[in-house]
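Participant: Could you have a look at this structure, given as structure tokens, before my questions?
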Amino acid sequence: MELNEREKLMALNLEEKINQSKKVIKEAIEKFGTEKLAVAWTGGKDSTTMTWLFREACRDLNIPMPKIMFIDEGYVFEEIWDIVNQLKKDWNLNVIIAKNTDVSDKAKNIGDMIKVSSLNERNRSEIVTLGFDGEEFPFEPESYVGNHLMKTVAMNTFLEENGILALATAIRWDEQTARIEETYFSPRSNPSHVRVQPILHFKERDIWNFIFAYKVPFCVLYNDGYRSLGAKGSTTKMSDIPAWEQDLENTSERAGRGQNKEEIMGKLRDLGYM
Amino acid sequence: MLGFLKKKSKHNKAIVVGIDGVSCRLLNRFTKEGLMPNLADIVSKGTITDMTASIPEISSTSWTTFMTGVNPGKHGIYGFMELQKGSYKWRFPNSADIKSKTLWEIAGEQGKKSIVLNVPSTYPARPLNGILTAGFVALDLKKATYPDMAYEYLKNIGYRMDVDIKKVQESVQALALDIEEAFTIREKAILYFLDNHAWDLFIGVITETDRLHHYLWSALEDEKHPQHNFFLDFYRKLDTFLGKMYERAGDDIPFIILSDHGSIGIKQEIYLNAWLKENGYLKFKKENPETFEDMLPESKTFVLDPARFYIHSKGKYPQGNVTSDEYYNLRQKLKEELLLLSVNGEKVIRSVFLKEGLYSGNLVDEAPDLVALPYEGYDLKGAINKTQISGKGFLTGGHTRDDAVFYINRKINVTNINIIDVAPTITSLLKIEHNGFDGKCLI
């Protein structure tokens, strides 16, 4: 996408942004139908916004909602379960929990060691593909083996079992620089499917304006200062004031999560580290 | 605006000037030699003394100890890099990883305003009662600065978050000019905020000194070095800046100067992972490993910069193999062998600390199992791709732990000052009550 095009889309007002998203959603439904299309929902503010937009679009078209995929990576905040269960009921959503139980059944607590030999063939071969040759690994959803098995494998299994050709996800351009290249429709392989990304042009501020304007329920953790929700245990809050009252434009949404590793490493190398 | 501020009470305020990597010995020499007349005058009005830095003696850990007044076992910053929990991937702690309250958060809770400029390890900026622009490692000025008004000002004056070290690829002279340029703009920003905004606690840090030392220490030591005069002139400029800062404090407002570690010329760099490899403690799958993901499971120990030894413990790391029974003997053995490590007939390692002797608090589990401190002139490194135990790198200056500096415009009589003591001293000057510091008040 042209730089100007992206900047124009990001400068739209809230109503125009909502319409733009609904346009992308309707195009996806036209292409893939609601049976082969699924919505990835995390219970966070962005994917809840996207789910709401899907409901609106389906209501306009008078068709049923697609399936909703929720990944249970084994370390979900209780507060996320609360909002998921509430909206599932209130919005009458067909939520399918994607969980790699073959892995999670082998661990009682986070950090428990799991023997590779105790896993099924699929998980064992995934571990080989990762290049991991240890006998056991800790049940840590954000560690490299754990993350792959509990998130990627869980998601791929969901896509395969349900014959999904397109998965809608709620990433946004302004989240991090690395997302700037993303487009509304982005093909993926293994398994082959298309990512539909209808709210790319929303800014963090737009999400909150939208949530308050349309009275969309949201997870209580945002009240406590969390800006962006990942797995419990690897997500920290940046402040004690509610997310939407924080200085969204000047502080980093994902500072409690990701980092720009290469740039940091370059700066450390300049000073003789690494 | 300055007049207005001066009319206000000078009590319960403090100005802190940080000078990254500046050694007490060097300042004493330059004041004695007449190179730093303003500082000589400032020193005559108070007390200057050497100070020990944190362990490890690096900016991220030491400045975080300064800003929290607690040890790394409580604030959680042991270095510039860590491995992700349950993995061998790099992780780079930032301001969100600081688990204790900072001076400005403590002051803010009691209604005091702080201006915090260029303190390392404060990126991304966390909102505060006041103004903050973060120091090293800061990536984006907007994310580094709070609030927006301060960002707009800094952007407009062409503020620099750091020296552009890449200039050294052009020439040492180009780097020298860049160090000077970055310092000039930082001085401008510091004086602007000091004069034009309200504050109870003002902290401004100069990091150009550290960059100068790392790349141009050889220029200080060698009078024939083309940048020798540049080095001296830089300290003259620093002296003028300190004079301007003191002028604004007067004798009444408490005025502190400190550094986070000292600096010294590097004789040899010591590559501790190469030493571990040679002694069979560490093995890689590849000849040129790039990350610890290339480490073989049977490895017993590895080092993260600068000299943090981690035992490859079972249960802690995905492929860890050292059992709790082996752990204590292994550490003892490593400690004894490290203390014997010598290069060209000279001993390299002065002390090896066990983690329980250095750190206390709820984050001790994340601490390195052993930390080594070198004799002066040896620069301990955690590089993983070195095949020789010692060598020369591109830096000519390294760190010292014992030769950081502390100055206050009060007569004090305290010895054994550590950087952890500065925060309790500052809260006391601001008349703020706070429990839970590990350091002692120096006044």
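The values are calculated or read from the model by the stated rules, or taken from the named source; none is laboratory data. Everything numeric here is computed off the predicted structure, so don't read it as measured data. Methodologically, a virtual Cβ is constructed for each residue, glycine included, from the backbone with ideal geometry; neighbour enumeration extends over all protein chains shown. The accessibility values were calculated without ligands, DNA or RNA, using every heavy atom of the protein model including side chains. Shrake-Rupley method; radii C 1.70, N 1.55, O 1.52, S 1.80 Å.
Participant: Go through segment B:80-166 and tell me which helices (runs of 4 or more DSSP H), entirely inside it, have 1 or more residues that are closer than 21 Å to B:Glu180 by Cα. Reasoning before the result, please.
Facilitator: Numbers: elements: B:103-109, B:141-144, B:148-156.
In segment B:80-166, the matching helices (runs of 4 or more DSSP H) lie at B:141-144, B:148-156.
Participant: Is it the case that some residue within segment B:249-266 is of a type in the set (D, E, K, R), modelled with pLDDT of 95 or more, within 23 Å of B:Ala423 (Cβ to Cβ) and crowded, with 21+ Cβ neighbours inside 10 Å?
Facilitator: First, pick out the residues of segment B:249-266 that are of a type in the set (D, E, K, R): B:251-252, B:260.
Among the residues that remain, those that are also modelled with pLDDT of 95 or more are: B:260.
Remaining after also requiring within 23 Å of B:Ala423 (Cβ to Cβ): B:260.
Those left that are additionally crowded, with 21+ Cβ neighbours inside 10 Å: B:260.
Among the residues of segment B:249-266, at least one is of a type in the set (D, E, K, R), modelled with pLDDT of 95 or more, within 23 Å of B:Ala423 (Cβ to Cβ) and crowded, with 21+ Cβ neighbours inside 10 Å, which makes the answer yes.
Participant: Among the helices (runs of 4 or more DSSP H) lying completely within segment A:1-82, list those that include at least 2 residues that are at pLDDT 95 or above. Quick ask: steps written out before the conclusion?
Facilitator: On the way: elements: A:3-10, A:14-32, A:45-61.
Qualifying helices (runs of 4 or more DSSP H): A:14-32, A:45-61.
Participant: Considering segment B:371-380 alone, what residues qualify as being open to solvent by 10 Å² or more (accessible area, probe 1.4 Å) and either more than 16 Å from B:Ile55 (Cβ to Cβ) or in the same structural domain as B:Gly73 (by TED's automatic domain parsing) (or both)?
Facilitator: Listed by number, the list is empty, since nothing qualifies.
Participant: Do we have any residue at all in segment B:92-105 that's buried (at least 20 other Cβ atoms within 10 Å of the Cβ), touching a residue at least 40 places away in the same chain (Cβ under 8 Å) and more than 14 Å from chain A (Cβ to nearest Cβ)?
Facilitator: yes
Participant: Hey, among the residues in segment B:377-395 that are at the interface with another protein chain (Cβ under 8 Å from one of its Cβ atoms) and not aliphatic (A, V, I, L, M), which one's nearest to B:Ser263 (Cα to Cα)?
Facilitator: Keep residues of segment B:377-395 that are at the interface with another protein chain (Cβ under 8 Å from one of its Cβ atoms), which gives B:379, B:381-383, B:393-395.
Subset that is not aliphatic (A, V, I, L, M): B:379, B:381-382, B:393-394.
On the way: B:Asp379: 11, B:Lys381: 16, B:Gly382: 19, B:Gly393: 16, B:Phe394: 16 Å.
Of everything passing the filter in segment B:377-395, B:Asp379 is nearest to B:Ser263 (Cα to Cα).
Participant: Further, regarding this structure: Is there a residue in segment B:331-342 that is surrounded by fewer than 18 Cβ atoms within 10 Å (Cβ to Cβ) and small (Gly, Ala, Ser)?
Facilitator: yes
Participant: Check B:Lys314 against each of (1) farther than 30 Å from B:Glu208 by Cβ; (2) touching a Ser or Thr at 6+ places or on another chain (Cβ under 8 Å); (3) touching a residue at least 12 places away in the same chain (Cβ under 8 Å); (4) within 14 Å of another protein chain (Cβ to nearest Cβ) and name the one condition it does not meet.
Facilitator: (3)
Participant: In addition: Please specify each residue of segment B:128-149 satisfying the condition of being open to solvent by less than 40 Å² (accessible area, probe 1.4 Å), within 9 Å of chain A (Cβ to nearest Cβ) and over 21 Å from the mean Cα position of the chain (by Cα).
Facilitator: B:Pro147, the sole residue that qualifies.
Participant: Which one of the conditions (1) surrounded by 15 or more Cβ atoms within 10 Å (Cβ to Cβ); (2) within 23 Å of B:Ser23 (Cα to Cα) does B:Gln319 fail to meet, given that it meets all the rest?
Facilitator: (2)
Participant: Would you point out which residue out of B:Pro120, B:Pro93 is out of contact with any Pro (no Cβ under 7 Å at 6 or more places or on another chain) and closer than 18 Å to B:Asn362 by Cα?
Facilitator: So the residue among B:Pro120, B:Pro93 that is out of contact with any Pro (no Cβ under 7 Å at 6 or more places or on another chain) and closer than 18 Å to B:Asn362 by Cα is B:Pro93.
Participant: Checking the structure you have, find out if any residue of segment B:56-66 is within 14 Å of chain A (Cβ to nearest Cβ) and surrounded by fewer than 24 Cβ atoms within 10 Å (Cβ to Cβ).
Facilitator: no
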